[in-house]
Amino acid sequence: MLQKKILQYTLLCALVLIVGYFVHYSILTYFQIEHPFTLWKIYLFQGVATLILCASFEVISQKSQKFKDQMGFLYLGAMVLKVILFCGFFSSILFSTLVLSKLDSLSLLIPIFIFLFLEVVIIVKILNRNI
């Protein structure tokens with residue numbers, strides 16, 4: 001059952017990553033918009049981080065009775081860790097002297113919100129299963 005759930009999360013994250021990236025990239029290409037960063041790396045980071053987070057919570061929910069009651073708090077901590085890792089990996093974009101336009105900033109935020117929504121949906125299902 002655990003492997004089946006993790007495989008489902010993997011396929012779902014891969015589907016969202018590929019579809020989200022190509023739709024986003026197609027829109028940017030259509031309007032001839034270029035960013036000073038690689039959009040694919042942003043999507044890849046968010047997709048992999050979401051998969052790791054969701055798989056970890058599935059394992060915790062099925063294997064550890066000790067942490068079942070604390071999973072909501074663990075998720076908040078995991079979100080803080082994800083933001084810190086994102087800032088670390090993309091510090092050259094976020095903390096450079098280069099000023100990002102509103103469109104650049106929006107393109108950074110779109111994958112974050114797409115995968116945040118996916119994470120929340122999956123984590124809520126996991127948490128509701130444990131009630």
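The values are calculated or read from the model by the stated rules, or taken from the named source; none is laboratory data. If you're wondering where the values come from, they're calculated on a predicted model, not measured in any experiment. Reconstructed Cβ throughout: ideal geometry from the backbone, glycine too, with neighbour counts over all protein chains shown. Keep in mind that these areas ignore ligands, DNA and RNA; they rest on the heavy atoms of the full protein, side chains included. Shrake-Rupley method; radii C 1.70, N 1.55, O 1.52, S 1.80 Å.
Residues in the range 5-49 that are under 30 Å from residue 63 (Cα atoms) and of a type in the set (S, T, N, Q): 8, 10, 46. Of everything in the range 8-38, what is touching a residue at least 24 places away in the same chain (Cβ under 8 Å) and more than 14 Å from the chain's Cα centre (by Cα)? Give them in sequence order. Passing the criteria: 24, 28, 33, 35, 36, 37.
Looking only at the range 106-116, decide whether some residue is farther than 21 Å from residue 23 by Cβ, open to solvent by less than 50 Å² (accessible area, probe 1.4 Å) and part of a helix (DSSP H, G or I). No: the range 106-116 contains no residue that is farther than 21 Å from residue 23 by Cβ, open to solvent by less than 50 Å² (accessible area, probe 1.4 Å) and part of a helix (DSSP H, G or I).
When the range 59-79 is filtered for residues that are outside any loop (DSSP other than H, G, I, E, B) and hydrophobic (A, V, I, L, M, F, W, C), the ones remaining, listed by number, are 59, 60, 71, 73, 74, 76, 78, 79.
Which residues, taken from the range 47-75, are closer than 15 Å to residue 119 by Cβ, open to solvent by less than 40 Å² (accessible area, probe 1.4 Å) and among the polar types (S, T, N, Q)? Hits for the range 47-75 are 50, 61.
Would you check if residue 75 is at pLDDT 95 or above and either small (Gly, Ala, Ser) or touching a helix residue (DSSP H, G or I) at 6+ places or on another chain (Cβ under 8 Å) (or both)? It is false that residue 75 is at pLDDT 95 or above and either small (Gly, Ala, Ser) or touching a helix residue (DSSP H, G or I) at 6+ places or on another chain (Cβ under 8 Å) (or both). Say whether the condition of being among the charged types (D, E, K, R) and part of a helix (DSSP H, G or I) is met by at least one residue in the range 36-49. Looking through the range 36-49, at least one residue is among the charged types (D, E, K, R) and part of a helix (DSSP H, G or I). Here residue 44 does not fit the description of being closer than 20 Å to residue 14 by Cβ, open to solvent by less than 40 Å² (accessible area, probe 1.4 Å) and among the aliphatic types (A, V, I, L, M). Considering (1) polar (S, T, N, Q); (2) assigned to a helix (DSSP H, G or I); (3) under 24 Å from residue 3 (Cβ atoms), the lone condition that residue 92 does not fulfil carries the number (3). Within the range 1-35, being loosely packed, with under 12 Cβ neighbours inside 10 Å and part of a loop (DSSP other than H, G, I, E, B) holds for 1, 31, 32, 34.
From the list 53, 94, 44, the lone residue that is at pLDDT 95 or above and over 18 Å from residue 127 (Cβ atoms) is 44.
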